[in-house]
1. Within region A:75-106, can you find the residues that are within 9 Å of another protein chain (Cβ to nearest Cβ) and surrounded by fewer than 18 Cβ atoms within 10 Å (Cβ to Cβ)?
2. Of the conditions (1) outside any loop (DSSP other than H, G, I, E, B); (2) away from chain A (no Cβ under 14 Å); (3) surrounded by 14 or more Cβ atoms within 10 Å (Cβ to Cβ), residue B:101 fails just one. Which one is it?
3. Out of all the residues in region A:173-188, is one or more at the interface with chain B (Cβ under 9 Å from one of its Cβ atoms), at pLDDT 85 or above, closer than 28 Å to residue A:105 by Cβ and assigned to a strand (DSSP E or B)?
4. Answer yes or no: is there a residue in region A:107-118 that is modelled with pLDDT of 90 or more, more than 19 Å from residue A:176 (Cβ to Cβ), out of contact with any Phe, Trp or Tyr (no Cβ under 8 Å at 6 or more places or on another chain) and surrounded by fewer than 19 Cβ atoms within 10 Å (Cβ to Cβ).
5. If residue B:179 meets every condition in (1) under 15 Å from residue B:85 (Cβ atoms); (2) not in a strand (DSSP E or B) apart from one, which number is that one?
6. Of the conditions (1) at pLDDT below 85; (2) of a type outside the set (A, V, I, L, M, F, W, C); (3) assigned to a strand (DSSP E or B), residue B:69 clears all except one; give me its number.
7. Among the residues of region B:115-140, write down those that are surrounded by 14 or more Cβ atoms within 10 Å (Cβ to Cβ) and of a type in the set (Val, Ile, Thr).
8. Collect the residues in region B:75-95 that are farther than 30 Å from residue B:131 by Cβ and in a strand (DSSP E or B), keeping them in residue-number order.
Amino acid sequence: MKTLRYHHRGPSRTEGRLLPAFLVPILLITLSSFGYAMYPSNLLTTFATASGPEDISITDCLVISYNGFIIPPKISWNDTELVFEDDLLYPGWELKLVTEITNIGPMPVHIWAEIKHWDGASWIPINEDDLLALFRLDYTNGFYNDTGPDGKWFTDDDTPWTGRHGDYRLWPDPPGNKVYQKEHLLFDAQDHPELQDRVFTFKVNVNAAANGNNNHGAG
Amino acid sequence: MAAILIPAMIISVASYAYAHWTDSVYKKYKLHAKCTYTKIKTNKVLTDWVDDKYIKKAPSDEELSEMDGSYALQISTNKGCPGFDVWIGMMLHNQGSLPERVYPLTFVVQASPPNGVSYEASNFTYGIFSGGEFTDYYAHITRSNFRETLDPDTGIIGKTPIDLPVIIEPCQKIVIWTYLKFIDGQSKFNIQIRIAVNSELA
């Protein structure tokens, strides 16, 4: 009768080399990829082609007020971008714009806005104070739920957005799957002739993430 | 080993995917600032009371800056006297990119010493000129013929003035002739005339 014996067998020479050869790179990749994930600047550069669960879309756009010379205002938009152009800015030029943003993804998301300006080579983050200081553009924006009782935007009773449950999240299903971003631009350049013939290009990103920035950009 | 490797690989992939789990829309604004800029393109001072060398004009940038940018032209002489009269011609040019509404010029006339100095003034505006037709209203009026061409009561003889304010488009011009006559005062005094252009976006 044969007796089965189990012998503890140590790793072979080949296995002993393979284990660290796999484990060390994988651990490094794991750590670096989480690190990558936490870098907000890198996150922003990837949004244009992102197709993850977070999915927001521009679903409407309203020019509430515009006193420029381009009639009708030169504005175009689709579900991911809105472009507004005006080549006849003058001191006192003003634009009031409302954009409807809808969560068309499967999960609730936090949203926040950030401003960047084009310096001729790249997009540089900028805030409202610097927009005014550099370009005399008095810019404010904020997220709102609706027009309030009077049914008109840019009045005192516009309802600030807080999210369906007051948690500043945009939900994938109604109610609470839409938010309205009000933007007010005023070219306050009466005493700044040095700005004549200057071209300013800036953009406002509205970002969405499941665990996003809680700065909701209400201005 | 597989029990270690497989979760490790899943975590790696998942964490990279997490990095892409954000979405954005953006709004881009491209804005080009234009200007409203109507200025006194050229001017002339016509009088036969004194030689040109006694008429001082201050249109340089430095001197305009000294005037706090409030005035576009300053004319002065130390040869003022009762009866002294002068025609000041100015061509205003919209050098901006937008139409502007031009209002009557602002004149500040000061005499030093001011004792008893009084004066009368009248303004005549001509235009609106888009080409070279302004020459009959400005360039052809010179020190040698202004007494025959300009009338203190009617302006350019044979020409009909227009009323201000007027809207002038970019590149258009208007011509303004101002007549000043000092009536009373000491036998000799200094005169300083400051002129401001008043315009706004039409």
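The values are calculated or read from the model by the stated rules, or taken from the named source; none is laboratory data. Computed from a prediction, not measured in an experiment: that's the story for all the values here. Heads up, the Cβs are rebuilt from the backbone with ideal geometry, glycines too, and the neighbour counts pull from every protein chain shown.
1. A:77, A:79, A:80, A:81, A:83, A:85, A:87, A:88, A:92
2. Only one criterion is unmet by residue B:101, namely (2).
3. Here is the first cut: in region A:173-188, the ones at the interface with chain B (Cβ under 9 Å from one of its Cβ atoms) are A:181, A:183, A:185, A:187.
With at pLDDT 85 or above added as a condition, the list becomes A:181, A:183, A:185, A:187.
Right, trim to closer than 28 Å to residue A:105 by Cβ and you get A:181, A:183.
Restricting the remaining residues to those that are assigned to a strand (DSSP E or B) gives A:181, A:183.
Scanning region A:173-188 turns up at least one residue that is at the interface with chain B (Cβ under 9 Å from one of its Cβ atoms), at pLDDT 85 or above, closer than 28 Å to residue A:105 by Cβ and assigned to a strand (DSSP E or B).
4. no
5. Looking at each condition in turn, residue B:179 falls short on (2).
6. Of (1) at pLDDT below 85; (2) of a type outside the set (A, V, I, L, M, F, W, C); (3) assigned to a strand (DSSP E or B), only one is false for residue B:69: (3).
7. Those that are surrounded by 14 or more Cβ atoms within 10 Å (Cβ to Cβ) and of a type in the set (Val, Ile, Thr): B:117, B:125, B:128.
8. Here is the first cut: in region B:75-95, the ones farther than 30 Å from residue B:131 by Cβ are B:76-85.
Passing the criteria: B:76, B:77, B:78, B:79, B:80, B:85.
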